Every structure is written in structure tokens, then in C-alpha cells.
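Just below is one structure, and these are the notes that go with it.
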Amino acid sequence: MQIQMAMCEMQWGYFVVWTPFGLHHEKVTYNATLVDQMIPKLREFHQRYLCPEYFLMRLPRRLPLLKL
């Protein structure tokens, strides 16, 4: 949710969960420090695992996926 808020330049958003017992909502404020810590890890994950899949297309061909 923090990354979505960063991309949309939002300062807050609502996290909403529905269960058979009721609806829960919570206001979440943007945390720039957390996002700054997450970006390098997300970038590495994207480059290591998602980019190769764009070209190799292992999933549609039912080949073994890359190990994490």
C-alpha cells in the first residue's frame, strides 16, 4: 500500500478488509522512510525474477520457475 501511495502521490489511504464478521477499515499515512527502504529491495526483485520471466516466459510454457 505504501508503494501505491508513493506512485499516486497520496499522503494517506484506507486499508479495508471485509470478513463475514464485519468490515474493518484503517487510515494509513504515507511513510517516505519506509518507501525509501523498500525501493532497492523491490528493484532487485524485479530485475532478478520478473525481468527474466518477461523474456523466458517459463510460466506459460510450464517450465520450472526460478528459485528464490
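Each reported figure results from applying straightforward, stated rules to the coordinates on display, with no laboratory input. If you're wondering where the values come from, they're calculated on a predicted model, not measured in any experiment. Glycine gets a Cβ as well: all are built from the backbone with ideal geometry, and neighbour counts include every protein chain shown.
Applying 1/(1 + (r/R0)^6) with R0 = 30 Å to the Cβ-Cβ distance of TYR54 and GLN11, what FRET efficiency is obtained, to the nearest 0.05? Write down the numbers at each step before the final one.
Working: r = 33 Å, r/R0 = 1.09.
Efficiency for this residue pair is about 0.35.
Placing +1 on the Cβ of each Lys and Arg and -1 on the Cβ of each Asp and Glu in the chain, which of PHE21, MET5, LEU50 has its Cα farthest towards the positive end of the resulting dipole?
LEU50
Tell me, what is the percent relative contact order of the chain, built from C-alpha pairs under 8 Å that lie six or more residues apart?
22
Give, to the nearest whole percent, the P(r) tail of the chain beyond 17 angstrom, counting all Cα pairs.
61
At what distance in nm do the modelled label points of LEU34 and TRP18 sit from each other, each positioned 7 Å from its Cα along Cα→Cβ?
Roughly 2.5 nm, to one decimal.
Relative to the Cα centre, what is the charge dipole magnitude of the chain, using +1 at the beta carbon of each Lys and Arg, -1 at the beta carbon of each Asp and Glu, and rounding to the nearest 20 debye? Could you put the intermediate results ahead of the total?
Details: 8 positive and 5 negative charges, 100 e Å.
I would put it at about 480 debye.
Once both labels are modelled 7 Å past Cα along the beta-carbon direction, what's the LYS41-GLN2 spacing in nm?
In this crude label model, LYS41 to GLN2 measures out at 0.8 nm.
If one takes the longest principal axis of the Cα atoms in the chain, at what angle in degrees, from 0 to 90 and to the nearest 10, does the Cα axis of helix 32-45 lie?
Helix 32-45 sits roughly 20 degrees off the main axis of the chain.
Helix-derived [θ] at 222 nm for the chain: sum -39500 (n - 2.57) over DSSP H runs of at least 4, divide by residue count, nearest 500?
On the way: 3 runs with 26 residues, N = 68.
The helix contribution divided over the chain gives -10500 deg cm²/dmol.
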